[in-house]
Every structure is written in structure tokens, then in C-alpha cells.
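One structure is given below, encoded as C-alpha cells.
The values are calculated or read from the model by the stated rules, or taken from the named source; none is laboratory data. Please read these numbers as outputs of a predicted model, since none were measured by experiment. All Cβ positions, glycine included, derive from the backbone under ideal geometry; neighbour counts span all protein chains shown. Keep in mind that these areas ignore ligands, DNA and RNA; they rest on the heavy atoms of the full protein, side chains included. Shrake-Rupley method; radii C 1.70, N 1.55, O 1.52, S 1.80 Å.
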Amino acid sequence: GRCPRVHCKDQPCLPAAISDVPHEEAVKIFCPCCEDIYSTKSRLDGAFFSCSLPHLLMLQFPDIKPAKPVEKYVPRIYGYRIHRPATTAQPKAE
């Protein structure tokens, strides 16, 4: 699969598991760019791939690890950046 994050720019992902116990979890995908795990629609058993597969592959082949994205997500409303104090202000309960 491909990473669903915008800043990863369709980075190819690696199969990964959450658990090594058979029939416990379905396979997930691991994005080496953002280093996050995502669910898939696949019902394939995740234990088949192991929890350590993506990490061992990147240790064995360090050249396949992509660079971290330099762009940072900036939240916007109607194209305007949100002022930082506005995000931390809490409405007072009466």
C-alpha cells in the first residue's frame, strides 16, 4: 500500500503486524517516511509478517529509508493560519 498522509507523497509502505500471535490482528502497513502504522482492508493474518519485518528490512537495507518530510502541516481555516493562543483558549463553563 501507500501512505495516506499528504506530506509522505504516496510513499510505498511495508507490511507489518501489531502482534506475532496468529489470528489475533490483521496485517497493517508501516510507512518508513513518517514511521507510523496504518490499518488496511486486508484480512490477511498479521503474524505472517511479524512485528519486526519493516524494522529489520530498514536495518539491513538503510538506503531504502526515505528522508523525513521537511514540510510541516499548518492548520488553516478558509486559507488563514490559526492563531496559536486561539487553539489553547478554553471557553469558560458557567
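Show Arg84, Arg5 ordered by accessible area, largest first, where the area counts protein heavy atoms only and the probe is 1.4 Å.
Descending accessible area places them as Arg84, Arg5.
Rounded to the nearest 500, what is the chain's calculated 222 nm mean residue ellipticity when only DSSP H runs of at least 4 contribute -39500 (n - 2.57) each, over all residues?
Rounded to the nearest 500, the figure is -3500 deg cm²/dmol.
At a probe radius of 1.4 Å, what is the per-residue accessible area of Asp63, in Å² to the nearest 10?
130 Å²
Near Arg84, within a Cβ-to-Cβ distance under 15 Å, what is the net charge of the other residues, with Lys and Arg +1 and Asp and Glu -1?
+3
With the contact rule set at Cα under 8 Å and sequence spacing of 6 or more, what percent relative contact order holds for the chain?
Relative CO of the chain lands at 23 percent.
So for Cys34, Cys3, what's the accessible-area order with a 1.4 Å probe, most first?
In descending accessible area the options line up as Cys34, Cys3.
Considering every pair of different Cα atoms, what Kirkwood radius, in Å, is found for the stretch 32-78?
That comes to 13.6 Å for the stretch 32-78.
Over the Cα atoms of the chain, Rg to Rh with Kirkwood Rh, two decimal places?
Expressed as Rg/Rh, it is 1.16.
Ignoring ligands, DNA and RNA, please state the percent of accessible area on the chain from carbon and sulfur, probe 1.4 Å.
Carbon and sulfur: 58 percent of the exposed surface of the chain.
Kindly count the pairs of lysines across the chain whose alpha carbons are less than 30 Å apart, treating pairs on different chains or eight or more residues apart as eligible.
12
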